[in-house]
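To start, the structure under review is shown below, and the notes come after it.
Laboratory data are not the source of any read-out in this text; all were calculated from the coordinates shown. Treat the numbers as computed from the prediction; the structure is a model and nothing was measured. Glycine gets a Cβ as well: all are built from the backbone with ideal geometry, and neighbour counts include every protein chain shown.
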Amino acid sequence: MNGMIVLNKPSGISSAAAVARVKRMLGEKTVGHMGTLDPMAEGVLAIGVGKATRLFDYLCGKDKTYVAKFKFGSETDTLDALGTVTATTTDIPSIDAVSNAMQSLVGRIEQVPPAYSAKHIDGKRAYALARGGAPVEPKPVTVEIYGAELVCQPRMDEAVFKIDCSSGTYIRSICRDVGRMCGSLATLTFLRRTRSGSFRIEDSVTLDDLETIKGEAVRPAETVIDLPRYDVPPEHESDLKNGRRIGFDADGRFKIYCLGKFYGIGAAVDGALKIITYLADGD
């Protein structure tokens, strides 16, 4: 079985735990996820099955869309509702102040990741250092926020935003920064990823769905790759299988087919085409 599953990960479990459950349900050895979601977060988690895990290099680093709820009045060590409160305030900003602060972050910005994150510091994960009590000061990273739309204000001390951003953006850090910019403090209390690249929440399945439909949820690998198609002449099928180069009059990357069968990703350089990521079933 080779392909991708768009999982609607529930809140309360890690991405690794979600993958472990998918692996048990499908009875597959090779299963992996693309783009980690924090345990508190829910929503789109792209999961590769079998040879489709080789596609992660092509699919990672894509833009994301989130729906996030900020609660004002406190800040935690993890910057979300699962953490320990480290500071409180009675200063609750107006919704106009919150919206203006959020809009000021739209564009390319330097963002400091949370101390509890998967960033590496001196060869170790930041969250491992933080849990051990070591001081953690992640270096700022450049990210881009493409847009931020105020969805609603459930309570006077809350605001819900839809945020479109680049890969690597920490919504927890946005929440922290908006709170502080307003002269207050804020904690992320809800997070749903509704899009990761071309994978969308409306096309997802839940773990309960997967328990019932199993392999029917696996999308063929070639359907998730946004590359032009090239059909190799039948006489070159053995060249494909054996990794030999084929004469080609264009440069770039392509989805490679032969006799109607999908073989994988090919790269054409200097007049020669070769499979660089082999994905064919049964070979």
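Packing, taken as the mean count of other beta carbons within 10 Å per residue, orders the peptides 172-183, 220-231 from highest to lowest as 172-183, 220-231. Return one number: the angle in degrees, 0 to 90 and rounded to the nearest 10, between the long axis of the Cα atoms of helix 95-104 and the longest principal axis of the Cα atoms of the chain. Approximately 40 degrees, to the nearest ten. Sorting the segments 43-55, 152-164 by their residues' average number of neighbouring beta-carbon atoms within 10 angstrom, most packed first, yields 43-55, 152-164.
Summarising the label geometry, the points placed 7 Å from Cα in the beta-carbon direction at A97 and K139 lie 3.5 nm from one another.
The modelled label-to-label distance for the pair K241/E202, using points 7 Å beyond Cα in the direction of Cβ, is 4.3 nm. Basic side chains Lys and Arg get +1 at the Cβ, acidic Asp and Glu get -1 at the Cβ, and with that the dipole of the chain about its Cα centre reaches some 600 debye. At full extension, I213 and K261 could sit 14.8 nm farther apart than now, given 0.36 nm per residue minus the alpha carbon distance. For Kirkwood radius over Cα pairs in Å, the value calculated from this model appears in (i) 18.5; (ii) 19.9; (iii) 20.9 under label (iii).
Among the listed pairs K23/K255; K71/K162; K29/K214, those with a Cα-Cα distance over 19 Å are K23/K255. Distance between the 7 Å Cα→Cβ label points at R229 and C152: 4.2 nm.
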